[in-house]
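Since the structure comes first, as C-alpha coordinates, the remarks are kept for the end.
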(Lines give C-alpha, C1' and ligand atoms only; values in the text may rest on other atoms or scores of the structure.)
Protein backbone atom coordinates (compact mmCIF):
# COMPACT_ATOMS: atom_id res chain seq x y z
CA UNK A 1 0.00 0.00 0.00
CA UNK A 2 1.52 3.30 -1.11
CA UNK A 3 0.79 6.82 0.01
CA UNK A 4 -0.99 7.40 -3.29
CA UNK A 5 -3.15 4.32 -2.58
CA UNK A 6 -4.03 5.80 0.81
CA UNK A 7 -4.94 9.11 -0.80
CA UNK A 8 -7.21 7.43 -3.35
CA UNK A 9 -8.89 5.34 -0.66
CA UNK A 10 -9.61 8.52 1.27
CA UNK A 11 -11.07 10.24 -1.79
CA UNK A 12 -13.36 7.28 -2.42
CA UNK A 13 -14.78 7.62 1.11
CA UNK A 14 -15.07 11.40 0.96
CA UNK A 15 -17.05 11.18 -2.27
CA UNK A 16 -19.89 9.43 -0.39
CA UNK A 17 -22.49 11.54 1.40
CA UNK A 18 -22.58 9.68 4.72
CA UNK A 19 -24.82 12.07 6.63
CA UNK A 20 -27.39 10.04 8.57
CA UNK A 21 -30.70 9.86 6.70
CA UNK A 22 -34.00 8.01 7.13
CA UNK A 23 -33.45 4.27 7.67
CA UNK A 24 -34.08 1.66 5.00
CA UNK A 25 -34.22 -2.10 5.31
CA UNK A 26 -30.77 -3.26 6.45
CA UNK A 27 -29.56 0.34 6.45
CA UNK A 28 -30.37 1.75 9.91
CA UNK A 29 -28.73 5.11 9.25
CA UNK A 30 -29.69 5.51 5.61
CA UNK A 31 -28.31 4.54 2.24
CA UNK A 32 -25.29 6.87 2.19
CA UNK A 33 -23.88 5.72 5.52
CA UNK A 34 -24.35 2.09 4.48
CA UNK A 35 -22.60 2.71 1.16
CA UNK A 36 -19.66 4.27 2.99
CA UNK A 37 -19.46 1.32 5.39
CA UNK A 38 -19.47 -1.16 2.50
CA UNK A 39 -16.74 0.83 0.75
CA UNK A 40 -14.57 0.94 3.89
CA UNK A 41 -14.97 -2.81 4.42
CA UNK A 42 -14.05 -3.43 0.77
CA UNK A 43 -10.87 -1.41 1.29
CA UNK A 44 -9.98 -3.43 4.39
CA UNK A 45 -10.70 -6.73 2.63
CA UNK A 46 -8.57 -5.71 -0.34
CA UNK A 47 -5.71 -5.01 2.07
CA UNK A 48 -5.95 -8.47 3.64
CA UNK A 49 -8.17 -7.92 6.67
CA UNK A 50 -10.96 -10.23 7.84
CA UNK A 51 -14.12 -8.14 7.68
CA UNK A 52 -17.67 -8.13 9.04
CA UNK A 53 -20.67 -5.88 8.46
CA UNK A 54 -22.66 -5.61 11.67
CA UNK A 55 -26.06 -5.17 10.08
CA UNK A 56 -25.27 -1.67 8.89
CA UNK A 57 -24.77 -0.44 12.46
CA UNK A 58 -21.01 -0.98 12.45
CA UNK A 59 -18.31 -2.94 10.72
CA UNK A 60 -14.83 -4.14 11.44
CA UNK A 61 -11.70 -5.47 9.81
CA UNK A 62 -9.03 -7.32 11.75
CA UNK A 63 -5.66 -8.94 11.23
CA UNK A 64 -3.31 -10.92 13.45
CA UNK A 65 -3.92 -13.19 16.43
CA UNK A 66 -4.06 -12.90 20.23
CA UNK A 67 -5.28 -10.11 22.49
CA UNK A 68 -7.58 -7.63 20.76
CA UNK A 69 -6.39 -4.05 20.17
CA UNK A 70 -8.97 -1.61 18.83
CA UNK A 71 -8.68 1.34 16.46
CA UNK A 72 -12.10 2.97 16.62
CA UNK A 73 -13.22 5.45 13.96
CA UNK A 74 -16.51 6.53 12.43
CA UNK A 75 -17.77 6.94 8.88
CA UNK A 76 -20.86 9.10 9.42
CA UNK A 77 -20.48 12.85 9.14
CA UNK A 78 -22.41 15.94 10.20
CA UNK A 79 -24.44 17.78 7.53
CA UNK A 80 -22.42 19.98 5.22
CA UNK A 81 -24.18 23.19 6.17
CA UNK A 82 -23.77 26.36 4.12
CA UNK A 83 -20.97 28.53 2.70
CA UNK A 84 -18.83 25.82 1.09
CA UNK A 85 -16.62 26.96 -1.78
CA UNK A 86 -15.88 23.34 -2.76
CA UNK A 87 -18.38 20.51 -3.24
CA UNK A 88 -18.76 19.01 0.26
CA UNK A 89 -18.72 15.48 -1.18
CA UNK A 90 -16.48 16.15 -4.16
CA UNK A 91 -13.20 14.96 -2.57
CA UNK A 92 -11.54 17.93 -4.26
CA UNK A 93 -7.73 17.93 -4.19
CA UNK A 94 -5.79 21.17 -4.48
CA UNK A 95 -3.19 23.30 -2.71
CA UNK A 96 -1.84 20.24 -0.91
CA UNK A 97 -5.24 19.50 0.60
CA UNK A 98 -8.24 17.26 0.07
CA UNK A 99 -11.57 18.97 0.80
CA UNK A 100 -14.73 17.23 1.91
CA UNK A 101 -17.10 16.73 4.81
CA UNK A 102 -15.42 14.13 7.00
CA UNK A 103 -11.92 14.90 5.72
CA UNK A 104 -10.72 15.15 9.33
CA UNK A 105 -13.79 13.91 11.17
CA UNK A 106 -13.27 11.03 10.78
CA UNK A 107 -12.37 9.47 7.45
CA UNK A 108 -8.73 10.47 7.01
CA UNK A 109 -7.69 9.13 10.47
CA UNK A 110 -9.06 5.69 9.52
CA UNK A 111 -7.00 5.66 6.32
CA UNK A 112 -3.90 7.13 8.04
CA UNK A 113 -3.99 4.32 10.62
CA UNK A 114 -4.61 1.70 7.94
CA UNK A 115 -1.64 3.01 5.97
CA UNK A 116 0.52 2.79 9.10
CA UNK A 117 -0.51 -0.82 9.82
CA UNK A 118 0.05 -1.85 6.20
CA UNK A 119 3.54 -0.34 6.21
CA UNK A 120 4.42 -2.37 9.29
CA UNK A 121 3.04 -5.57 7.78
CA UNK A 122 4.78 -5.02 4.45
CA UNK A 123 8.08 -4.53 6.29
CA UNK A 124 7.65 -8.11 7.49
CA UNK A 125 6.79 -7.26 11.08
CA UNK A 126 4.55 -9.73 12.90
CA UNK A 127 1.55 -8.54 14.92
CA UNK A 128 1.62 -9.61 18.56
CA UNK A 129 -2.07 -8.70 18.90
CA UNK A 130 -5.22 -8.83 16.83
CA UNK A 131 -5.57 -5.38 15.37
CA UNK A 132 -9.21 -4.53 14.74
CA UNK A 133 -10.46 -1.44 12.93
CA UNK A 134 -13.93 -0.80 14.35
CA UNK A 135 -16.04 1.42 12.10
CA UNK A 136 -19.01 3.18 13.65
CA UNK A 137 -21.89 4.62 11.65
CA UNK A 138 -23.75 6.81 14.18
CA UNK A 139 -21.08 8.72 16.10
CA UNK A 140 -22.45 12.16 15.23
CA UNK A 141 -26.06 11.37 16.12
CA UNK A 142 -26.35 9.04 19.09
CA UNK A 143 -23.85 6.14 19.20
CA UNK A 144 -26.42 3.44 18.44
CA UNK A 145 -23.59 1.86 16.45
CA UNK A 146 -21.50 1.35 19.58
CA UNK A 147 -24.51 0.08 21.52
CA UNK A 148 -24.96 -2.58 18.85
CA UNK A 149 -21.26 -3.38 18.79
CA UNK A 150 -21.05 -3.78 22.57
CA UNK A 151 -24.08 -6.07 22.51
CA UNK A 152 -22.83 -8.36 19.74
CA UNK A 153 -19.04 -8.26 19.57
CA UNK A 154 -15.86 -8.64 21.56
CA UNK A 155 -14.74 -5.34 23.01
CA UNK A 156 -10.99 -4.66 22.82
CA UNK A 157 -9.34 -4.42 26.23
CA UNK A 158 -7.08 -1.64 24.92
CA UNK A 159 -7.23 0.78 22.04
CA UNK A 160 -7.23 4.25 20.53
CA UNK A 161 -9.73 6.49 18.79
CA UNK A 162 -8.03 8.73 16.20
CA UNK A 163 -10.87 11.23 16.37
CA UNK A 164 -9.45 14.14 18.33
CA UNK A 165 -6.14 15.93 18.68
CA UNK A 166 -2.44 15.31 19.04
CA UNK A 167 -0.29 14.92 21.06
CA UNK A 168 -2.57 12.54 23.05
CA UNK A 169 -5.87 13.10 24.85
CA UNK A 170 -5.98 11.53 28.30
CA UNK A 171 -9.07 13.48 29.40
CA UNK A 172 -12.45 14.04 27.73
CA UNK A 173 -15.08 16.21 29.37
CA UNK A 174 -18.53 14.92 30.12
CA UNK A 175 -21.11 15.66 27.41
CA UNK A 176 -24.79 16.25 28.01
CA UNK A 177 -27.48 17.54 25.65
CA UNK A 178 -30.75 19.06 26.80
CA UNK A 179 -33.91 20.09 25.01
CA UNK A 180 -35.61 23.28 26.18
CA UNK A 181 -39.30 23.44 25.36
CA UNK A 182 -41.32 26.66 25.60
CA UNK A 183 -44.98 27.32 24.74
CA UNK A 184 -45.12 29.02 21.33
CA UNK A 185 -46.39 32.59 21.73
CA UNK A 186 -49.04 33.94 19.38
CA UNK A 187 -46.67 36.52 17.87
CA UNK A 188 -44.20 33.90 16.61
CA UNK A 189 -45.04 31.76 13.59
CA UNK A 190 -41.75 29.85 13.57
CA UNK A 191 -38.10 29.84 14.62
CA UNK A 192 -35.73 27.48 12.85
CA UNK A 193 -31.97 27.06 13.09
CA UNK A 194 -29.18 24.52 13.18
CA UNK A 195 -28.50 20.97 12.06
CA UNK A 196 -27.19 19.30 15.22
CA UNK A 197 -26.62 20.26 18.84
CA UNK A 198 -22.88 19.73 18.40
CA UNK A 199 -22.58 22.31 15.61
CA UNK A 200 -22.56 26.07 16.00
CA UNK A 201 -25.45 27.08 13.69
CA UNK A 202 -24.52 29.27 10.75
CA UNK A 203 -28.11 30.19 9.85
CA UNK A 204 -31.29 31.09 11.73
CA UNK A 205 -34.69 32.38 10.71
CA UNK A 206 -37.88 33.55 12.44
CA UNK A 207 -41.26 34.84 11.41
CA UNK A 208 -42.75 37.20 13.98
CA UNK A 209 -45.68 39.56 14.35
CA UNK A 210 -44.13 42.75 15.66
CA UNK A 211 -45.76 44.94 18.29
CA UNK A 212 -46.89 48.44 17.41
CA UNK A 213 -43.57 49.76 18.64
CA UNK A 214 -41.78 47.24 16.38
CA UNK A 215 -38.61 47.07 18.43
CA UNK A 216 -35.76 44.88 17.14
CA UNK A 217 -32.20 44.80 18.49
CA UNK A 218 -30.53 44.45 15.07
CA UNK A 219 -27.60 46.80 15.60
CA UNK A 220 -24.32 45.33 14.24
CA UNK A 221 -26.08 42.06 13.33
CA UNK A 222 -25.48 40.16 10.08
CA UNK A 223 -29.14 39.85 9.20
CA UNK A 224 -31.85 40.29 6.61
CA UNK A 225 -35.24 41.70 7.57
CA UNK A 226 -38.25 41.76 5.25
CA UNK A 227 -42.01 42.16 5.50
CA UNK A 228 -44.47 39.38 4.69
CA UNK A 229 -47.87 40.97 5.02
CA UNK A 230 -48.45 41.68 8.69
CA UNK A 231 -45.51 39.44 9.60
CA UNK A 232 -41.77 40.13 9.61
CA UNK A 233 -39.15 37.55 8.60
CA UNK A 234 -35.67 37.87 10.11
CA UNK A 235 -32.73 35.82 8.85
CA UNK A 236 -29.29 35.78 10.46
CA UNK A 237 -25.96 34.39 9.31
CA UNK A 238 -23.14 33.00 11.41
CA UNK A 239 -20.02 30.85 11.16
CA UNK A 240 -20.20 27.14 11.91
CA UNK A 241 -17.79 25.41 14.31
CA UNK A 242 -17.65 22.27 16.42
CA UNK A 243 -20.00 22.43 19.39
CA UNK A 244 -17.14 21.72 21.80
CA UNK A 245 -15.49 24.98 20.68
CA UNK A 246 -18.37 27.45 20.34
CA UNK A 247 -15.92 30.32 20.70
CA UNK A 248 -14.53 29.44 17.25
CA UNK A 249 -17.82 30.17 15.51
CA UNK A 250 -20.49 32.83 15.29
CA UNK A 251 -23.83 31.51 16.52
CA UNK A 252 -26.58 32.67 14.15
CA UNK A 253 -29.28 31.45 16.54
CA UNK A 254 -27.95 33.52 19.43
CA UNK A 255 -27.74 36.50 17.07
CA UNK A 256 -31.39 35.97 16.18
CA UNK A 257 -32.37 35.72 19.85
CA UNK A 258 -30.64 39.03 20.51
CA UNK A 259 -32.52 40.72 17.66
CA UNK A 260 -35.87 39.37 18.87
CA UNK A 261 -35.25 39.92 22.58
CA UNK A 262 -37.16 43.26 22.80
CA UNK A 263 -40.23 41.59 21.25
CA UNK A 264 -40.34 38.22 23.00
CA UNK A 265 -39.59 37.01 26.54
CA UNK A 266 -38.48 33.55 25.43
CA UNK A 267 -35.96 34.94 22.98
CA UNK A 268 -34.75 37.37 25.61
CA UNK A 269 -34.26 34.54 28.10
CA UNK A 270 -32.31 32.40 25.63
CA UNK A 271 -30.09 35.33 24.71
CA UNK A 272 -29.49 36.59 28.23
CA UNK A 273 -29.02 33.19 29.85
CA UNK A 274 -27.31 31.08 27.17
CA UNK A 275 -25.23 33.42 25.01
CA UNK A 276 -22.12 33.01 27.20
CA UNK A 277 -19.94 30.10 26.03
CA UNK A 278 -18.87 29.35 29.60
CA UNK A 279 -22.38 29.24 31.07
CA UNK A 280 -21.68 32.07 33.46
CA UNK A 281 -25.21 33.49 33.18
CA UNK A 282 -26.79 30.31 34.57
CA UNK A 283 -24.28 29.46 37.29
CA UNK A 284 -22.17 27.13 35.11
CA UNK A 285 -18.88 29.03 34.99
CA UNK A 286 -17.08 25.94 36.31
CA UNK A 287 -13.72 24.30 35.64
CA UNK A 288 -11.23 21.89 37.11
CA UNK A 289 -7.49 21.30 36.84
CA UNK A 290 -7.80 18.03 34.89
CA UNK A 291 -10.13 19.09 32.11
CA UNK A 292 -10.52 22.88 32.08
CA UNK A 293 -13.69 24.92 31.75
CA UNK A 294 -17.26 24.11 30.77
CA UNK A 295 -18.54 25.06 27.30
CA UNK A 296 -22.12 25.60 26.19
CA UNK A 297 -23.55 25.71 22.66
CA UNK A 298 -27.14 26.48 21.63
CA UNK A 299 -27.21 24.30 18.53
CA UNK A 300 -30.75 24.07 17.16
CA UNK A 301 -34.22 25.56 17.27
CA UNK A 302 -37.43 24.29 15.76
CA UNK A 303 -41.14 25.02 16.10
CA UNK A 304 -44.22 22.84 16.13
CA UNK A 305 -47.88 23.85 16.54
CA UNK A 306 -47.55 24.30 20.27
CA UNK A 307 -43.88 24.77 21.18
CA UNK A 308 -40.49 26.25 20.44
CA UNK A 309 -37.77 23.68 21.14
CA UNK A 310 -34.08 24.49 21.53
CA UNK A 311 -31.28 21.94 21.86
CA UNK A 312 -28.10 22.73 23.75
CA UNK A 313 -24.76 20.92 24.00
CA UNK A 314 -22.82 21.23 27.27
CA UNK A 315 -19.28 19.88 27.77
CA UNK A 316 -18.52 19.78 31.50
CA UNK A 317 -15.37 19.21 33.59
CA UNK A 318 -14.68 15.61 34.63
CA UNK A 319 -15.06 16.36 38.36
CA UNK A 320 -18.72 17.38 37.91
CA UNK A 321 -21.78 15.22 37.29
CA UNK A 322 -24.30 15.79 34.51
CA UNK A 323 -27.07 16.09 37.13
CA UNK A 324 -25.41 19.30 38.32
CA UNK A 325 -25.82 20.74 34.82
CA UNK A 326 -29.48 19.73 34.61
CA UNK A 327 -30.27 21.28 37.98
CA UNK A 328 -28.68 24.61 37.03
CA UNK A 329 -30.64 24.72 33.78
CA UNK A 330 -33.90 24.00 35.60
CA UNK A 331 -33.13 26.68 38.20
CA UNK A 332 -32.34 29.45 35.73
CA UNK A 333 -34.66 28.74 32.78
CA UNK A 334 -38.45 28.90 32.61
CA UNK A 335 -38.84 26.35 29.82
CA UNK A 336 -39.20 22.59 30.23
CA UNK A 337 -35.68 21.15 30.57
CA UNK A 338 -35.11 17.55 29.47
CA UNK A 339 -31.85 15.62 29.22
CA UNK A 340 -31.68 13.98 25.78
CA UNK A 341 -28.18 12.51 25.43
CA UNK A 342 -24.99 12.15 27.45
CA UNK A 343 -21.50 10.68 27.59
CA UNK A 344 -19.75 10.23 30.91
CA UNK A 345 -16.28 11.80 31.09
CA UNK A 346 -13.05 9.90 30.47
CA UNK A 347 -9.76 10.23 32.33
CA UNK A 348 -6.58 8.14 32.09
CA UNK A 349 -3.57 9.07 34.19
CA UNK A 350 -0.65 10.68 32.35
CA UNK A 351 1.63 8.02 33.77
CA UNK A 352 -0.29 5.09 32.25
CA UNK A 353 1.84 3.03 29.79
CA UNK A 354 -0.67 3.57 26.94
CA UNK A 355 -0.51 7.35 27.30
CA UNK A 356 3.28 7.31 27.65
CA UNK A 357 3.73 5.12 24.56
CA UNK A 358 1.51 7.29 22.39
CA UNK A 359 3.13 10.47 23.63
CA UNK A 360 6.58 9.02 22.93
CA UNK A 361 5.57 8.25 19.33
CA UNK A 362 4.30 11.77 18.81
CA UNK A 363 7.43 13.35 20.25
CA UNK A 364 9.75 11.09 18.22
CA UNK A 365 8.14 12.12 14.93
CA UNK A 366 7.64 15.82 15.71
CA UNK A 367 10.72 16.46 17.82
CA UNK A 368 8.57 18.10 20.47
CA UNK A 369 8.36 17.57 24.22
CA UNK A 370 4.59 17.64 24.37
CA UNK A 371 2.31 16.66 27.23
CA UNK A 372 -1.17 15.06 27.22
CA UNK A 373 -4.17 17.33 26.81
CA UNK A 374 -7.88 17.53 27.67
CA UNK A 375 -10.68 18.13 25.15
CA UNK A 376 -14.38 18.86 25.12
CA UNK A 377 -14.98 16.48 22.23
CA UNK A 378 -16.28 12.97 22.75
CA UNK A 379 -14.66 9.96 21.10
CA UNK A 380 -15.19 6.21 20.95
CA UNK A 381 -12.34 5.86 23.46
CA UNK A 382 -15.11 6.16 26.07
CA UNK A 383 -16.55 2.75 25.18
CA UNK A 384 -13.25 0.94 25.78
CA UNK A 385 -12.23 -0.50 29.16
CA UNK A 386 -9.00 1.42 28.56
CA UNK A 387 -8.49 3.79 25.67
CA UNK A 388 -7.69 7.36 24.67
CA UNK A 389 -8.09 9.61 21.66
CA UNK A 390 -4.95 10.11 19.57
CA UNK A 391 -4.88 12.62 16.70
CA UNK A 392 -5.43 13.48 13.91
CA UNK A 393 -5.47 17.27 14.46
CA UNK A 394 -2.19 18.95 15.25
CA UNK A 395 -1.77 21.79 17.75
CA UNK A 396 -2.38 25.19 16.17
CA UNK A 397 -3.49 23.69 12.84
CA UNK A 398 -6.63 24.95 11.14
CA UNK A 399 -8.76 21.87 11.73
CA UNK A 400 -12.10 23.01 10.30
CA UNK A 401 -14.03 20.14 11.84
CA UNK A 402 -17.80 20.70 11.44
CA UNK A 403 -16.99 23.85 9.44
CA UNK A 404 -17.46 24.79 5.81
CA UNK A 405 -14.63 23.65 3.50
CA UNK A 406 -13.39 21.01 5.94
CA UNK A 407 -10.12 19.61 4.62
CA UNK A 408 -7.12 17.46 5.45
CA UNK A 409 -3.67 18.83 4.77
CA UNK A 410 -1.76 16.07 2.96
CA UNK A 411 1.55 16.80 4.71
CA UNK A 412 -0.21 16.57 8.07
CA UNK A 413 -1.98 13.42 6.89
CA UNK A 414 1.39 11.84 6.13
CA UNK A 415 2.89 13.00 9.43
CA UNK A 416 -0.10 11.65 11.34
CA UNK A 417 0.34 8.27 9.66
CA UNK A 418 4.01 8.30 10.64
CA UNK A 419 3.03 8.92 14.27
CA UNK A 420 0.51 6.06 14.13
CA UNK A 421 3.26 3.89 12.62
CA UNK A 422 5.59 4.55 15.56
CA UNK A 423 2.86 4.03 18.16
CA UNK A 424 1.39 0.85 16.69
CA UNK A 425 4.85 -0.61 16.09
CA UNK A 426 5.45 -0.56 19.86
CA UNK A 427 1.93 -1.43 20.95
CA UNK A 428 0.96 -4.15 18.48
CA UNK A 429 4.03 -5.62 16.75
CA UNK A 430 6.90 -7.85 17.77
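The values are calculated or read from the model by the stated rules, or taken from the named source; none is laboratory data. Nothing here was measured: the structure is a model prediction, and the numbers come from that model. Here the Cβ positions follow ideal geometry from the backbone for every residue, glycine too, while neighbour counts run over all protein chains shown.
One line per residue, one yes/no per condition, for (1) assigned to a loop (DSSP other than H, G, I, E, B); (2) over 30 Å from residue 299 (Cα atoms); (3) touching a helix residue (DSSP H, G or I) at 6+ places or on another chain (Cβ under 6 Å):
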{"site": "362", "(1), (2), (3)": "no, yes, yes"}
{"site": "374", "(1), (2), (3)": "no, no, no"}
{"site": "382", "(1), (2), (3)": "no, no, no"}
{"site": "405", "(1), (2), (3)": "yes, no, no"}
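Within the range 8-23, restricting attention to residues that are out of contact with any strand residue (DSSP E or B) (no Cβ under 7 Å at 6 or more places or on another chain) and within 25 Å of residue 410 (Cα to Cα), which residue is surrounded by the fewest Cβ atoms within 10 Å (Cβ to Cβ)?
8
Could you list, in sequence order, the residues of the range 321-344 that are touching a strand residue (DSSP E or B) at 6+ places or on another chain (Cβ under 7 Å) and modelled with pLDDT of 95 or more?
Hits for the range 321-344 are 322, 325, 326, 329, 330, 333, 335, 336, 337, 338, 339, 340.
Among the residues of the range 148-170, write down those that are surrounded by fewer than 24 Cβ atoms within 10 Å (Cβ to Cβ) and under 18 Å from the mean Cα position of the chain (by Cα).
Answer for the range 148-170, where residues must be surrounded by fewer than 24 Cβ atoms within 10 Å (Cβ to Cβ) and under 18 Å from the mean Cα position of the chain (by Cα): just 165.
Name the one entry in 70, 55, 26, 59 that is crowded, with 23+ Cβ neighbours inside 10 Å, touching a residue at least 24 places away in the same chain (Cβ under 8 Å) and either more than 30 Å from residue 411 (Cα to Cα) or touching a helix residue (DSSP H, G or I) at 6+ places or on another chain (Cβ under 6 Å) (or both).
After ruling out the rest, the residue left standing is 59.
If you check every pair at least six apart or on different chains, which have Cβ atoms under 8 Å apart with a residue in the range 229-255 that is in the same structural domain as residue 187 (by TED's automatic domain parsing) and free of Cβ contacts under 8 Å to residues at least 12 places away in the same chain first and a residue that is crowded, with 24+ Cβ neighbours inside 10 Å and not in a strand (DSSP E or B) second?
none
Scan the range 233-242 for residues that are outside any loop (DSSP other than H, G, I, E, B) and either in contact with a helix residue (DSSP H, G or I) (Cβ under 6 Å, 6 or more places away or on another chain) or under 19 Å from residue 206 (Cβ atoms) (or both) and report the count.
Counting residues in the range 233-242 that are outside any loop (DSSP other than H, G, I, E, B) and either in contact with a helix residue (DSSP H, G or I) (Cβ under 6 Å, 6 or more places away or on another chain) or under 19 Å from residue 206 (Cβ atoms) (or both) gives 5.
From the list 364, 401, exactly one residue is surrounded by 17 or more Cβ atoms within 10 Å (Cβ to Cβ) and not assigned by TED's automatic domain parsing to the domain that holds residue 290. Which is it?
401
Of all residues being in a helix (DSSP H, G or I) and more than 13 Å from residue 381 (Cα to Cα) in the range 121-147, which is farthest from the chain's Cα centre (by Cα)? Just the residue, please.
Once the filter is applied, the top-ranked residue is 122.
Could you say which residue among 90, 100, 136 is more than 22 Å from residue 2 (Cβ to Cβ), touching a helix residue (DSSP H, G or I) at 6+ places or on another chain (Cβ under 7 Å) and either modelled with pLDDT of 95 or more or surrounded by fewer than 24 Cβ atoms within 10 Å (Cβ to Cβ) (or both)?
136 is the lone residue from the list that is more than 22 Å from residue 2 (Cβ to Cβ), touching a helix residue (DSSP H, G or I) at 6+ places or on another chain (Cβ under 7 Å) and either modelled with pLDDT of 95 or more or surrounded by fewer than 24 Cβ atoms within 10 Å (Cβ to Cβ) (or both).
Considering 40, 6, which residue is part of a helix (DSSP H, G or I), over 14 Å from residue 102 (Cα atoms), in contact (Cβ under 8 Å) with a residue 12 or more places away in the chain and in contact with a helix residue (DSSP H, G or I) (Cβ under 9 Å, 6 or more places away or on another chain)?
None of the others qualify; the one that does is 6.
Looking only at residues that are assigned to a strand (DSSP E or B) and in contact with a strand residue (DSSP E or B) (Cβ under 7 Å, 6 or more places away or on another chain) in the range 218-227, which one is surrounded by the fewest Cβ atoms within 10 Å (Cβ to Cβ)?
By that ranking, first place goes to 226.
For the structure I just gave you, tell me whether residue 118 is over 23 Å from the mean Cα position of the chain (by Cα) and assigned to a helix (DSSP H, G or I).
Here the answer is yes, as residue 118 does meet what is asked.
Looking only at the range 322-361, filter to residues that are free of Cβ contacts under 8 Å to residues at least 60 places away in the same chain and assigned by TED's automatic domain parsing to the domain that holds residue 266; which one of those is nearest to residue 270 (Cα to Cα)?
332
Among the candidates 207, 215, which residue alone is within 16 Å of residue 262 (Cα to Cα), touching a residue at least 12 places away in the same chain (Cβ under 8 Å) and assigned to a strand (DSSP E or B)?
None of the other options fit; the residue is 207.
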